[in-house]
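J.: Before I ask anything, let me first share the structure, which is written out below as structure tokens.
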């Protein structure tokens, strides 16, 4: 297993060597909190301890699987890093109350099943000079607060790029399916980790019960943490209309609208019988890079289907809420791929956002660029991952009936 893998994001806050003697020691909530307090010299967790709910679910499942000492060491490093950051964020808001006065106004949130064009939509919308997308290095460690003067030279950039380089070396096929670099727009799955929620733990640590817990019920306090991180990044960093992306936003639409009443929600659509298989292939490669071995294809495929069916069903149910429905626009991946400028303009028109000539010119240049051959060889099959497209269509017949017209090529 690569030591300098994604879990080495913990190295942004501390070296991690001091944790190695604990590699054979089971993970425990009190122990992890105490380690974070010792490393930071801080003990104020704030009034909201709802993050501990997901932490307990995560710890319980990790230990149920009986991880190897090497894996337990990596998991402990990552968890303690997240706890360290929570303590640092709390300390900042106590010392600098103005950070909580940062207003998050009219954010744009992109959601939909994974592999449905959420990343493409995010990248296109982030090209607007008026937009502000969180970058991968910022979500890896939002403390200390990014600053405008050093935004392009922050030391975290090189560390995060080195982490992804190590992953691609351990699992080369990631180059064909997941272009990820420190300065790219990040998805909010990464921010959710600071609340011990979201699908990343499932995808990275092979803890499906934690994923199903997240997708199947409302995570108390999740968007308080999410908003607090955006305030941290906005406090001293660049400003702009927050432009955010996370497929699991589907699970939390009502909580999102409660936190951001003026949010603009963009839901991308593509045939789930295709997206589930693509995601299973991606997660398989991630786990090879992070854990040193692939999951059984016939296991990871059904896991993907179950988790994202739960998330999809919760999102569809939330659309019955008039406040959610009013904030939404549906976007076809096929239409977006065929006409990027036209689709983005339609989104802007829907929400009354200014679509400038300069921004249109940027989109038109992107629309005419040839796709990079580096990211066009992602190969997979439904049979390999134990996924029957016909069965998916039967189970989600109601979704196909309402949104199937958006799957068609234009």
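Derivation of every value follows stated rules applied to the coordinates shown; laboratory data play no part. On a predicted model such as this, the values are computed, not experimentally measured, just so you know. For neighbour counting, all protein chains shown are included, and Cβ atoms are generated from backbone atoms with ideal geometry for every residue, glycine included.
J.: Quick check on the exposure proxy: order 180, 121 from fewest to most C-beta atoms within 10 angstrom.
T.: Values: 180 18, 121 25.
Fewest to most other Cβ atoms nearby, the residues stand as 180, 121.
J.: With only alpha-carbon atoms counted, please give the Rg and Dmax of the chain, in Å.
T.: 20.5, 59
J.: If you don't mind, there's one more thing I want to ask. How much FRET efficiency would the formula 1/(1 + (r/R0)^6) give for residue 367 and residue 102, where r is the Cβ-Cβ distance and R0 is 35 Å, rounded to 0.05? Could you put the intermediate results ahead of the total?
T.: Working: r = 35 Å, r/R0 = 0.99.
Between residue 367 and residue 102 the formula returns 0.50.
J.: Express in whole angstrom the spacing between the alpha-carbon centres of segment 122-141 and segment 314-369.
T.: 16 Å
J.: Using 0.36 nm per residue of separation minus the Cα-Cα distance, give me the extension gain between residue 130 and residue 321 in nm, one decimal.
T.: Value of the extension gain: 65.8 nm.
J.: Which residue, 152, 271, 190, has the most motion in a Gaussian network model of the chain that connects Cα atoms within less than 10 Å?
T.: Sorting by GNM fluctuation, first place goes to 152.
J.: I've got another one for you. For segment 106-407, what is the relative contact order in percent, using Cα pairs closer than 8 Å and at least 6 residues apart in sequence? If you can, show how the numbers build up before the last one.
T.: Numbers: 452 pairs, mean separation 86.2, N = 302.
This gives 29 percent for segment 106-407.
J.: Moving on to the next point. So, in nm, how far is label residue 149 from label residue 258 when the simple model puts each one 7 Å beyond its Cα toward the Cβ?
T.: If labels sit at residue 149 and residue 258, their model points lie 4.1 nm apart.
J.: Quick check: pseudo-label points 7 Å beyond the Cα along Cα→Cβ at residue 94 and residue 393, how many nm apart are they?
T.: So the label points at residue 94 and residue 393 sit 5.9 nm apart.
J.: Here is a further query. Between rounded, prolate and oblate, where does segment 19-178 land on the alpha carbon gyration tensor, with a ≥ b ≥ c its root eigenvalues, rounded for a/c under 1.5, else prolate if a/b exceeds b/c? All intermediate terms of the calculation are to be shown ahead of the outcome.
T.: Working: a/c = 1.74, a/b = 1.20, b/c = 1.46.
Oblate.
J.: I need the calculated FRET efficiency for the pair residue 48 and residue 236, taking r as the beta carbon distance and R₀ as 25 Å, to the nearest 0.05.
T.: On the way: r = 23 Å, r/R0 = 0.93.
Calculated value: 0.60.
J.: When 43, 381 are ordered from fewest to most other Cβ atoms inside 10 Å of their Cβ, what list results? If you can, show how the numbers build up before the last one.
T.: Values: 43 13, 381 10.
Fewest-to-most ranking of 43, 381: 381, 43.
J.: Could you work out how much longer the chain between residue 168 and residue 68 gets when fully extended? Use 0.36 nm per residue separation minus the Cα distance between them, nm to one decimal.
T.: Net length gain for the segment: 33.7 nm.
J.: Related question: I'd like the Kirkwood hydrodynamic radius of segment 278-349, using the inverse of the mean 1/r over distinct C-alpha pairs, in Å. Could you put the intermediate results ahead of the total?
T.: Values: mean 1/r = 0.0659 Å⁻¹.
One over the average 1/r among Cα pairs gives 15.2 Å for segment 278-349.
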